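Asks: Quick one: this structure, given as structure tokens, is what I'll be asking you about.
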Amino acid sequence: MKKKEVQDTTKIFRALAVEKRREIVQILAERTLCVGALSNLLGISAGAVSQHLRILKDAGLVEADRRGYFIHYSIAPDAAERCRITVNSLFGVKSKSKKRRQEMCHGKQKCERPKELKGKAEACSPEQVKKCHGDVKEHPCSVKPNKSK
């Protein structure tokens, strides 16, 4: 393993080693929430939630989206895939998903890969969305963050 891969692996395992962080990941997999809401759901202080989120964000598992005065957190679009690759690499399993990761458009406003998916995100058929992003409820590229003034 290369040094960067080792660092990424360490960050992911460190992030998921704590039960409360795994709970946060499970909750955020279902919906986007702010620190206060997570604090209420988990029964811990907002400061503790913020520290857990910082570690999850540093590991690339969680993303932040500012909405007015609040920051809402959600699971990073590639979090599950990154975890799969990390675990597979420990056991020497070659990931078939390397090609798939190269095909994904990674949340850009236009699908850029593969070539037949170019165009506006809203124009993609369900089959195209599945080919580019896998099984997702809604097209990740068409989800636009709320930017409040």
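Asks: Run the quick spin-label model on residue 46 and residue 127: label points 7 Å from Cα toward the beta carbon, then report their separation in nm to one decimal.
Replies: Result for the modelled spin labels: 4.9 nm.
Asks: Starting from one equal scatterer on each C-alpha and no solvent at all, send me the Debye-based log10 I(q)/I(0) for region 3-75 at q = 0.14, 0.17, 0.26 Å⁻¹, two decimals.
Replies: Listed by q, the Debye log ratios stand at -0.40, -0.58, -1.21.
Asks: Additional query: Could you grab the relative contact order for region 3-75? Cα pairs under 8 Å, six or more apart, rounded to a whole percent. It would help to have the intermediate numbers written out before the result.
Replies: Numbers: 70 pairs, mean separation 26.7, N = 73.
So the answer I get is 37 percent.
Asks: Once you put a point 7 Å from the Cα of residue 57 and another 7 Å from the Cα of residue 23, both along the Cβ direction, what distance in nm separates them?
Replies: That separation, rounded to one decimal, is 2.1 nm.
Asks: Now a separate question. Most exposed first by the Cβ proxy, i.e. fewest other Cβ within 10 Å, how do 83, 124 rank?
Replies: Neighbour counts put them in this order, fewest first: 83, 124.
Asks: Provide the per-residue ³J(HN,Hα) series for region 78-90, in order, calculated from phi with Karplus coefficients 6.51, -1.76, 1.60 and θ = phi - 60°, each as a whole number of Hz, with x at glycine and proline positions.
Replies: For region 78-90, the Karplus-derived couplings read 9, 4, 4, 5, 4, 5, 4, 4, 4, 5, 4, 5, 5 Hz, x marking Gly and Pro.
Asks: Using label points projected 7 Å from each Cα along Cα→Cβ, tell me how many nm separate residue 64 and residue 91, to one decimal.
Replies: 3.5
Where a number appears in this text, it was derived from the coordinates with a stated rule and is not lab data. Being a predicted model, the structure only gives us computed values, none of them experimental. For neighbour counting, all protein chains shown are included, and Cβ atoms are generated from backbone atoms with ideal geometry for every residue, glycine included.
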